[in-house]
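Each remark here refers to the structure printed beneath this line.
The values are calculated or read from the model by the stated rules, or taken from the named source; none is laboratory data. Predicted model, so just to flag it, every value in this text is computed and none were measured. Here the Cβ is made from the backbone with ideal geometry for all residues, glycine too, and neighbour counts use every protein chain on show. Calculation scope for accessible area: heavy atoms of the full protein, side chains included, ligands and nucleic acids excluded. Shrake-Rupley method; radii C 1.70, N 1.55, O 1.52, S 1.80 Å.
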Amino acid sequence: MANPLALWREFTPRTRTVLAVNAVSSFGGGLVLPFLWIYLSDVRGLPAWVPAATLALQAATAVVGGLLWGAVLDRFPPRTTVPLVMAVAGAGTALYAQATGAPSAMVAALVYGFGISGVGTVLRFLYAGAATSRERGLAYSADYAVFNAMTGLGVLAGGVVAALDVGSRATRFAALYLADGATFLIAGAALFWLLPRVVQQTSAPAKEARASYREVLKQRHIAALLGALVICSLVSYGQFRSGLPGYLTQGGALGPEGISGAFAVNIVVAVGAQFLLADRIQRVRRSTVLAVSGAVWAVAWGLVLVAGTQRGTSALAWAVAGVVLLSVGEALVFPVVTSLLNDLAAERVRGRVNALLSVAVSTGSVAGPALAGATLPWADGIALMIVLLAGCLLVVGVALRLRASLTASADVPPAEEPGPVTATAAATAPEPVAA
């Protein structure tokens, strides 16, 4: 088992700073994570189409905004960009506190979607500046664990505040959204103040041809990994709030209590897996990790398929087993693929690569509910399970293709390699390594 204290000491001040800031903003995000639909429909009394349209608009704005923030990161220094991203996200979520009608809810969705689309992008961009590939890989794993742990704590705290018998429900929920906004502003201010102290200043880069997203997508390894990430997100994140509960509840296999328990298991296992596996997976080929994740997810959805045919305790046991494997697959693949993408990315397009990474994960998360809605009515949900199993096997296939073409320095970078690995450096690396 990895020692969290030893891993923390291995990080540079830059990485520690970004992790600490992410902990603050993740806690704030957890305060309001489950509540937007409830807040707009039950607390503010708005018709059901308003929260639905708000969530859709927020997701669509996040996709467009992510691409814009990626271009901004490649052009302006992080100390300028990062606080601006945090300020926009903070203002957007705070606007929900005053969302008393459809127009104000839509404005909040536009601002928040645009801001939040850049938060993950800028944080991953900052982690990519780590001194070695090993530190980058460990940083992405730690980021995943911190995000899940602090979001989970935020959800618990938000639930407590929402249930208090103090003031009106509208006041309590508005306070949660304002608190979420404050955490983004604190994060932005902290990074603005600390970045010059923890980021080594470099001379201005020589003028190059203008970077573009087309340049990024022309690199076949990066394009293949982004496509794989869409599928990974679709079969994991995209199903936790749609296909999984929909399939298990529509036939009466589980009730709301069982689904809540499965969600709790997801958070605990995802965080625990990072502490157990973060250091070990740095010594395994990344293509192998991707292939194993796809295979693990395939087994997981097979277990969920069986759970849907059971009832009571038996159904819960099969479902929890499936959720455990889904969570392990998440903990393995997303940090590893993020690290690999940043090692392959040239410095001049790193912001765009991380923006496309955010878009890929968001696309899968949005497509997941759409897929579930379209396939759950067919054959009691078995059609959805078959599609998900096929998606998992497709991930395995992409991983095997990457294994045959990635070089040793890209698939398993040296632990002490200085500076980011660029696509050029990866392409000139020598012999492959064993799994």
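Among (1) under 27 Å from Leu178 (Cβ atoms); (2) at pLDDT below 90, there is one condition Gly113 misses while meeting the rest; what is its number?
(2)
Only one of (1) closer than 21 Å to Asn148 by Cβ; (2) touching an Asp or Glu at 6+ places or on another chain (Cβ under 7 Å) fails for Ser287. Which number is that?
It is condition (1) that Ser287 fails.
Could you list, in sequence order, the residues of the range 299-318 that are open to solvent by less than 20 Å² (accessible area, probe 1.4 Å) and under 21 Å from Cys232 (Cβ atoms)?
Selection gives Ala300, Trp301, Val304.
Which pairs do you get when a residue that is in contact (Cβ under 8 Å) with a residue 40 or more places away in the chain, found in the range 401-412, comes within reach of a residue that is outside any helix (DSSP H, G or I) and surrounded by 21 or more Cβ atoms within 10 Å (Cβ to Cβ), reach meaning Cβ atoms under 6 angstrom, with the pair 6+ apart or on two chains?
Asp411/Arg285; Val412/Arg285
Taking Gly272 as meeting all but one of (1) within 18 Å of the chain's Cα centre (by Cα); (2) over 27 Å from Ser25 (Cβ atoms); (3) modelled with pLDDT under 90, write down the number of the exception.
That leaves (2) as the condition not met.
Just checking, how many residues over the range 134-168 are aromatic (Phe, Trp, Tyr), open to solvent by 20 Å² or more (accessible area, probe 1.4 Å) and more than 17 Å from Leu33 (Cα to Cα)?
Going through the range 134-168 one residue at a time, the tally reaches 0.
Counting just the residues of the range 333-364 that are open to solvent by less than 40 Å² (accessible area, probe 1.4 Å) and among the polar types (S, T, N, Q), which one comes out nearest to the chain's Cα centre (by Cα)?
Here the residue is Ser358.
Name the single residue, out of those in the range 210-220 being open to solvent by 80 Å² or more (accessible area, probe 1.4 Å) and in a loop (DSSP other than H, G, I, E, B), that is modelled with the lowest pLDDT.
Of everything passing the filter in the range 210-220, Arg210 is modelled with the lowest pLDDT.
What tally of residues in the range 174-188 results from selecting those that are surrounded by fewer than 21 Cβ atoms within 10 Å (Cβ to Cβ), touching a Gly at 6+ places or on another chain (Cβ under 8 Å) and not small (Gly, Ala, Ser)?
Count: 1.
Test of understanding: among Thr171, Thr100, Thr121, which residue is in a helix (DSSP H, G or I), open to solvent by 20 Å² or more (accessible area, probe 1.4 Å) and out of contact with any Pro (no Cβ under 8 Å at 6 or more places or on another chain)? Step through it out loud before you land on a result.
Numbers: Thr100 fails: in a helix (DSSP H, G or I); Thr121 fails: open to solvent by 20 Å² or more (accessible area, probe 1.4 Å).
Only one candidate qualifies: Thr171.
Would you be able to say whether some residue in the range 395-418 is open to solvent by less than 50 Å² (accessible area, probe 1.4 Å), within 19 Å of the chain's Cα centre (by Cα) and modelled with pLDDT of 90 or more?
yes
Go over the candidates Ala372, Ala383 one by one and state the one that is at pLDDT 90 or above, open to solvent by less than 50 Å² (accessible area, probe 1.4 Å) and over 24 Å from Val292 (Cβ atoms).
Ala383
Which of the residues that make up the range 232-253 are more than 16 Å from Ile382 (Cα to Cα) and open to solvent by less than 20 Å² (accessible area, probe 1.4 Å)?
Answer for the range 232-253, where residues must be more than 16 Å from Ile382 (Cα to Cα) and open to solvent by less than 20 Å² (accessible area, probe 1.4 Å): Cys232, Ser233, Ser236, Gly238, Phe240.
So which pairs qualify, if the first residue must be in the range 152-173 and over 26 Å from Val268 (Cβ atoms), the second must be of a type in the set (Phe, Trp, Tyr) and in a helix (DSSP H, G or I), the Cβ gap must be under 9 Å, and the two must be at least 6 apart or on different chains?
Arg169/Tyr39; Ala170/Tyr39; Phe173/Tyr39; Phe173/Tyr96
If we scan the range 84-98, do we find a residue that is in contact (Cβ under 8 Å) with a residue 12 or more places away in the chain and within 17 Å of Val353 (Cβ to Cβ)? First the steps, then the outcome.
The initial filter retains those residues of the range 84-98 that are in contact (Cβ under 8 Å) with a residue 12 or more places away in the chain, namely 84-98.
Checking the rest, the ones that are also within 17 Å of Val353 (Cβ to Cβ) come to 85.
Taking every residue of the range 84-98 in turn, at least one turns out to be in contact (Cβ under 8 Å) with a residue 12 or more places away in the chain and within 17 Å of Val353 (Cβ to Cβ).
Taking the range 13-56 as the search range and keeping residues that are charged (D, E, K, R) and part of a helix (DSSP H, G or I), which one is least open to solvent (accessible area, probe 1.4 Å)?
Arg14
Does Ser293 meet the test of being open to solvent by less than 30 Å² (accessible area, probe 1.4 Å), part of a helix (DSSP H, G or I) and hydroxyl-bearing (Ser, Thr, Tyr)?
On the way: open to solvent by less than 30 Å² (accessible area, probe 1.4 Å): yes; part of a helix (DSSP H, G or I): yes; hydroxyl-bearing (Ser, Thr, Tyr): yes.
The answer is yes for Ser293.
What are the residues in the range 386-410 that are farther than 14 Å from Ala291 by Cα, in a helix (DSSP H, G or I) and not small (Gly, Ala, Ser), if any?
If the condition is that a residue be farther than 14 Å from Ala291 by Cα, in a helix (DSSP H, G or I) and not small (Gly, Ala, Ser), then Ile386, Val387, Leu388 are the ones that fit.
Only one residue in Val107, Val72, Val82 is open to solvent by 40 Å² or more (accessible area, probe 1.4 Å), over 29 Å from Ala163 (Cα atoms), part of a helix (DSSP H, G or I) and out of contact with any Lys or Arg (no Cβ under 9 Å at 6 or more places or on another chain), so which one is that? Steps first, please.
Details: Val107 fails: over 29 Å from Ala163 (Cα atoms); Val82 fails: open to solvent by 40 Å² or more (accessible area, probe 1.4 Å).
Answer to the selection: Val72.
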